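Here the structure comes first, spelled out in structure tokens, and everything after it is commentary.
Rule-based calculations on the coordinates, nothing more; no lab input. Here the structure is a predicted model, which means the values were calculated and not measured. Here the Cβ positions follow ideal geometry from the backbone for every residue, glycine too, while neighbour counts run over all protein chains shown.
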Amino acid sequence: MNASNNSHNPQNYEILIQKAHLIAIEFMNKAYCPYSHFQVGAALIAESGLIIGGYNIENSSYGATVCAERTALWSALTQTSERKFWGIVILTNNETPTPPCGLCRQTLIEFCDLSLKIFLGNKHSLKQFGTLGDFLPFPFDPKQLSTSS
Ligand SMILES: [Zn+2]
């Protein structure tokens, strides 16, 4: 987790993205993935400018494995007071960008707006690939529960 003094100023977002990229690289290098050896790093960018990192944590049971996106989100929720998120950086060592899995998309929709920006890449490059709404169109979200009566 790294604090940043950047504000909502749009000019600062480029700096925030660069910082989040570096943090995601740092976290990707710490990934606990002795089974797949597939390192993933994530950096969640809060609207305040705070950047919270995460990495995948595998388990010998396989089913108990948690993705980097979700460890970043759990850290944000449990270790900070951040509840509004602007974007997320997701890195692997692959040449081709690796999108978040369905479970992570569904988890992100619980706490993030559809406008959450999703940046994918590796340690050498990073690019925005749309928003959470693009990755999870027609989502089941908390609002669905309130419409049933
Ligand atoms: Zn996932």
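What the table shows:
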| quantity | calculated |
| --- | --- |
| Structure-based [θ]222 nm, the chain - -39500 (n - 2.57) summed over DSSP H runs of at least 4, per residue, nearest 500 | -10000 deg cm²/dmol |
| GNM result for the chain, Cα springs below 10 Å: residue of 15, 25, 88 fluctuating most strongly | 15 |
| Whole-number Å³ per residue for the convex hull built on Cα positions in region 10-135 | 97 Å³ |
| Of the DSSP H helices in the chain, those whose Cα atoms cover at least 24 Å axially and whose Kyte score averages -0.5 or more | 10-28 |
| Along the chain, longest interval not containing exposed chymotrypsin sites (Phe, Trp or Tyr not before Pro), exposed being DSSP loop plus at most 13 other Cβ atoms within 10 Å | 63-139 |
| Whole-number D in µm²/s for region 24-92 (Stokes-Einstein; Kirkwood sum over Cα pairs; 20 °C, 1.002 mPa s) | 180 µm²/s |
| The chain, relative contact order [Cα under 8 Å, separation at least 6], % | 19 percent |
| Fraction of antiparallel bridges per DSSP, the chain only, in percent to nearest 5 | 75 percent |
| Choice from 70, 105, 83 with maximal GNM fluctuation in the chain (Cα, 10 Å cutoff) | 83 |
